[in-house]
Amino acid sequence: MTVIDPRVQEALDGERDPATLPPELREDYARLTGAAALLGAAPATSVADRVMAQIREIRREAPAPRPPNWLLRPVTFRLRPVWTLAVAAAVAAVVFLPLRESATPGAEEGVAQFVGHFPGARSVEVVGSFNDWQRGALALRDEDNDGIWHGAVVLPAGQHEYMFVVDGERWVADPLAGRYVDDGFGAGQQNALLIVRP
Amino acid sequence: MVAQVLDGDAEAFGIIIRRYEPGLLRFAARMLGSADAAADAVAESLVRAYRHLAQCRDPEHLKSWLYRITGNRCRSHIGRRHMSDIALDDAPPLADPVDTWAVLERSEQVALVERALAQLQPEKREAFVLKHVEGLSYEEMADVTGARIPTLKMRVHRAREALLLALKELV
């Protein structure tokens, strides 16, 4: 392995003026910057047309937007595990008991209840694979301003990935989810995983 | 622009493509050593990006996000085949040993640098290309690769050394 003088590394990192390099080090600097310049030409091709054709195809295949099921149907609530009894009691007092008797999800659906503790947050919403990661579809509520945000939605039975979006900008994996999966973008970030049973 | 696409204007994604496509194609070509493979990787990446655009958590970092997806796609391609398997038929023959770098034609210089780059391990190749060809900051590189900045600095330093050695051996 060729060892490059640290001063050359500093110059290549923009931490040193290359003009201050001793003459015997300038060749390595010039060789590497020259190599980078030679690699800088973009291939004379474009994929724009084929990508846009695929996107238009995706758009044609996509179902027409419809109102979310949870707005149209009566729902029952089933609390998933929460991290303290106090929170469970508080949430149940607010949303669980009053709605339980009046809601019935379909045979292949279940109710997902979301609870998060975000003191001081101005808004908390849930985005996930069940709403195409679109914001604005499922906002959580904190009526008594105690920092406990909650909401529920009827979802098809199965596995769903989701995240909380706090104050419209901070994406947070539900610390209480218990299950997580890699978000697939290679940066080691994880989505929370929700399993809905009918 | 991201918001426009998310609001249903799919054609606006064409503007995103035009803005970032040259860099993504160059990055993929340098990673894969083949313009055709790079075009496939970038096309697949852009379609994936469109499908998951709502998951781009910070539109301000759209560029890094697109490079990350493309980098992942390139690594998948590399995983399926080794760089040594890539035909370099388009490259001119190696220069005669008596030639010097200065007298090589530009196309020969490009071919030699591409050969030297192809000898680097994928991680080092990626680090050199992102830093010196794409001009990303270490912060942006961390967004793209998921690696920590000190790790990336070390990777870039090692990549420079390996590339310099490969160039000296080739010329």
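Bear in mind that the values in this text are calculations on the coordinates, not laboratory data. Bear in mind that the values here come from a model prediction, so they are computed numbers and not experimental data. Cβ placement follows ideal geometry from the backbone for every residue including glycine, while neighbour counts extend to all protein chains displayed.
Here r is the Cβ-Cβ distance between residue A:123 and residue A:45 and R0 is 51 Å; the resulting FRET efficiency, rounded to 0.05, is 0.70. Let a ≥ b ≥ c be the square roots of the eigenvalues of the Cα gyration tensor of segment A:105-196; is it rounded (a/c under 1.5), or, if not, prolate (a/b larger than b/c) or oblate? Oblate shape, in that a/c is at least 1.5 and b/c is the bigger or equal ratio.
Against chain B, whose longest principal axis is taken from its Cα atoms, helix B:12-32 shows a tilt of about 30°. Give the residue from B:37, B:144, B:78 lying farthest towards the positive end of the charge dipole for chain B; charges sit on Cβ (+1 for Lys and Arg, -1 for Asp and Glu) and the dipole is referred to the Cα centre. Among B:37, B:144, B:78, the one farthest towards the positive end of the dipole of chain B is B:144.
Determine the shape class of segment A:1-66: with a ≥ b ≥ c the square roots of the Cα gyration tensor eigenvalues, call it rounded for a/c under 1.5, and otherwise prolate if a/b is greater than b/c, oblate otherwise. Prolate, since a/c reaches 1.5 and a/b exceeds b/c.
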